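Below is one structure, written out as structure tokens; comments come after it.
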Amino acid sequence: MNIAVIGSGYVGLPTACGLASFGNHVVCIDNNEQKLAILQSGYMPLFEDGLQELYESNKSNIRFSGDMSDIRNADLIILAVGTPMADDGSADLQYIYAAADEIKPFLQNGAIVATKSTVPVGTNDEIERIIDNKNVTVVSMPEFLREGYALHDFFRPDRIIIGTDNVDAYNKLRDLYAPHISPDKIIRTSRRSAEIIKYASNAFLATKIQFINEIADLCEQVGANVSDVADGMGMDSRIGRKFLNAGIGYGGSCFPKDTNALAYVANKHGVHLGLVSKTIQGNHERRQNIANRINAQIDKIGENARVAVLGLAFKNGTDDVRYSPAIDIIKNIRHNQIYAYDPQAMKNASNVLGSNVKYANSLHDCIENADIIVILTEWPEFREMESATFEHPTIILDYRNLLDENVMSTKENVTYKRIGK
Ligand SMILES: NC(=O)c1ccc[n+]([C@@H]2O[C@H](COP(=O)([O-])OP(=O)(O)OC[C@H]3O[C@@H](n4cnc5c(N)ncnc54)[C@H](O)[C@@H]3O)[C@@H](O)[C@H]2O)c1
């Protein structure tokens, strides 16, 4: 197929490189000149494990352009532009509607427009109205990839949802994936159901995280250990162990905005999603609660405390700091000597954090002489601390429950605290 991907970001690029590796010809469009210049010089402008390599081995099938007329021969146009959170909590749809308007003059008869951007129910109806072409089919094809595992999720997805009543369009999209991906993973739904599947999935996962954080608070009060509780719960196949890691709450470019957008849309339709609203509120309060815990430890040591923060990305495996809990928590730490380290996200974080944060070159530089070490992202390399020695009294606040508690709680000079214990 000739495929155009509109939006060369965390979704667009893995999708484009993955589809190119199936032998399709892909043009990626982006209107961010800086990003485009990096792409056109042969580099991926974001960190995603394996993406640069996948691009390099398929580059004869991919090109990058800022000129929308380059989609002219496309059989399939994938919309993968951002749908960020607006001030009122709704999804800001200006970019997706602008993209629909911009592709409109270049769509050939029989083309399929597939929306991978996460959009509220009914948005694809509006995209169809904007495109206003009976020979073009607008399909909802929500994306479920996880940053940090984007290529794994592209090649081995749990499911591919194709939301359309048009069987011909469905067959073409299924045939695009079916030779490479188990056909039983591909299902057809109505367009509106597909739109809701994406939001309901993210809201459910967010709720699971908020749930275990509430259980963690109870464990702390009664002398239980939330990690053991999660292991015990997770062995129930109806529940599952994933997303039961207690910590600092969810963040990132998806869960915060998608839970808010879902609640907003439901409200507009006269439906109150009480559980989702409570999850949003609880997750918001969690960030302040974690900052309070850190501030309490700093107060005990005093204003000269050296505080090392490990992790800025919203999770490991990415340089993405959008709605990262670590960023919000740092903003709420009352202290002017914060040293931070993240293997990938320091550049992005420095664009949003104030000047009271200094950046270290390595894990070692960051934690050297620290009085308090706070773990806010679960990067595996932080586990090197398990074999480190600490020369002076150090409080380690492991708010991702990353380190081996048996090792850390017996270390000389270390007071080790974790979530839910
Ligand atoms: N990031 C994720 O993990 C993830 C997972 C699943 C779904 N999604 C959804 O996918 C969508 C994209 O997310 P993302 O993280 O890839 O965003 P992103 O910000 O990384 O990328 C979007 C890109 O679109 C470009 N763009 C915007 N308007 C354009 C236009 N008119 N023409 C050309 N390019 C344009 C931007 O310059 C940007 O490079 C969102 O709706 C998001 O909710 C994201």
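The values are calculated or read from the model by the stated rules, or taken from the named source; none is laboratory data. In this text the structure is predicted, and so the values were computed from the model without any measurement. A quick note on method: Cβ atoms are made from the backbone with ideal geometry, for glycine too, and the neighbour counts reach across all protein chains shown. All accessible areas refer to the heavy atoms of the entire protein, side chains included, with ligands and DNA or RNA removed. Shrake-Rupley method; radii C 1.70, N 1.55, O 1.52, S 1.80 Å.
Residues that are in contact with a strand residue (DSSP E or B) (Cβ under 9 Å, 6 or more places away or on another chain) and within 23 Å of Thr389 (Cβ to Cβ): which helices (runs of 4 or more DSSP H) entirely in the range 310-369 hold 1 or more of them? It would help to see each step written out before you state the result.
Working: elements: 325-331, 346-352, 363-367.
Correct list: 363-367.
Lys358 - would you say it is open to solvent by 10 Å² or more (accessible area, probe 1.4 Å) and over 26 Å from the mean Cα position of the chain (by Cα)?
Working: open to solvent by 10 Å² or more (accessible area, probe 1.4 Å): yes; over 26 Å from the mean Cα position of the chain (by Cα): no.
The answer is no for Lys358.
Taken together, Asp231, Asp258, Asp217 contain a single residue that is acidic (Asp, Glu), free of Cβ contacts under 8 Å to residues at least 12 places away in the same chain and in a helix (DSSP H, G or I), which is Asp231. Of all residues in the range 182-222 being hydrophobic (A, V, I, L, M, F, W, C) and touching a Leu at 6+ places or on another chain (Cβ under 6 Å), which is nearest to Lys278 (Cα to Cα)? In this case the residue turns out to be Ala203.
Go over the candidates Ser201, Ser253, Ser193, Ser237 one by one and state the one that is open to solvent by 50 Å² or more (accessible area, probe 1.4 Å), among the small types (Gly, Ala, Ser) and within 25 Å of Met141 (Cβ to Cβ). Spell out how you get there, then give the answer.
Details: Ser201 fails: open to solvent by 50 Å² or more (accessible area, probe 1.4 Å); Ser253 fails: open to solvent by 50 Å² or more (accessible area, probe 1.4 Å); Ser237 fails: within 25 Å of Met141 (Cβ to Cβ).
It is Ser193.
All conditions in (1) β-branched (Val, Ile, Thr); (2) within 30 Å of Gln344 (Cβ to Cβ); (3) touching a residue at least 40 places away in the same chain (Cβ under 8 Å) hold for Thr115, with the sole exception of (3).
Collect the residues in the range 83-105 that are assigned to a strand (DSSP E or B) and open to solvent by 30 Å² or more (accessible area, probe 1.4 Å), keeping them in residue-number order.
Going residue by residue through the range 83-105, those that are assigned to a strand (DSSP E or B) are 85, 91.
Within the range 83-105, Met85 is the sole residue that qualifies.
Quick grid of which residues meet (1) away from the ligand (no atom under 15 Å from the Cβ); (2) over 21 Å from Ile196 (Cβ atoms); (3) acidic (Asp, Glu):
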{"position": "Ser41", "(1), (2), (3)": "yes, yes, no"}
{"position": "Tyr55", "(1), (2), (3)": "yes, yes, no"}
{"position": "Lys59", "(1), (2), (3)": "yes, yes, no"}
{"position": "Gly66", "(1), (2), (3)": "no, yes, no"}
{"position": "Val81", "(1), (2), (3)": "no, no, no"}
{"position": "Ala86", "(1), (2), (3)": "no, no, no"}
{"position": "Asp92", "(1), (2), (3)": "no, no, yes"}
{"position": "Lys104", "(1), (2), (3)": "no, yes, no"}
{"position": "Thr118", "(1), (2), (3)": "no, no, no"}
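Summed over the range 14-29, the residues that are within 16 Å of the ligand (Cβ to nearest atom) and in contact with a strand residue (DSSP E or B) (Cβ under 7 Å, 6 or more places away or on another chain) give a count of 8.
Within the range 187-214, the set of residues being outside any helix (DSSP H, G or I) and more than 23 Å from His269 (Cα to Cα) comprises Ile187, Arg188.
Yes or no, residue by residue, for (1) over 27 Å from Val265 (Cα atoms); (2) at pLDDT 95 or above; (3) among the charged types (D, E, K, R); (4) outside the structural domain of His269 (by TED's automatic domain parsing):
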| site | (1), (2), (3), (4) |
| --- | --- |
| Met141 | no, yes, no, yes |
| Phe155 | yes, yes, no, yes |
| Ala169 | yes, yes, no, yes |
| Arg174 | yes, yes, yes, yes |
| His180 | yes, no, no, yes |
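Restricted to the range 107-147, and to residues there that are farther than 23 Å from Tyr177 by Cβ and part of a loop (DSSP other than H, G, I, E, B), the residue that is most open to solvent (accessible area, probe 1.4 Å) is Lys134. If you check Ala169, Ala150 for being surrounded by 16 or more Cβ atoms within 10 Å (Cβ to Cβ), within 12 Å of the ligand (Cβ to nearest atom) and small (Gly, Ala, Ser), only one passes: Ala150.
Which count do you get for residues in the range 172-186 that are open to solvent by 20 Å² or more (accessible area, probe 1.4 Å) and in a helix (DSSP H, G or I)? So the count comes out to 6. Taking the criterion of being within 10 Å of Ala370 (Cα to Cα) and either open to solvent by less than 50 Å² (accessible area, probe 1.4 Å) or not in a loop (DSSP other than H, G, I, E, B) (or both), the residues of the range 392-407 that qualify are Thr394, Ile395, Ile396.
Rundown of residues vs (1) out of contact with any helix residue (DSSP H, G or I) (no Cβ under 7 Å at 6 or more places or on another chain); (2) open to solvent by 40 Å² or more (accessible area, probe 1.4 Å); (3) in the same structural domain as Val321 (by TED's automatic domain parsing), yes/no style:
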{"site": "Gly12", "(1), (2), (3)": "yes, no, no"}
{"site": "Cys17", "(1), (2), (3)": "no, no, no"}
{"site": "Ala20", "(1), (2), (3)": "no, no, no"}
{"site": "Asp30", "(1), (2), (3)": "no, no, no"}
{"site": "Met44", "(1), (2), (3)": "no, no, no"}
{"site": "Leu51", "(1), (2), (3)": "no, no, no"}
{"site": "Asn58", "(1), (2), (3)": "no, no, no"}
{"site": "Asp67", "(1), (2), (3)": "yes, yes, no"}
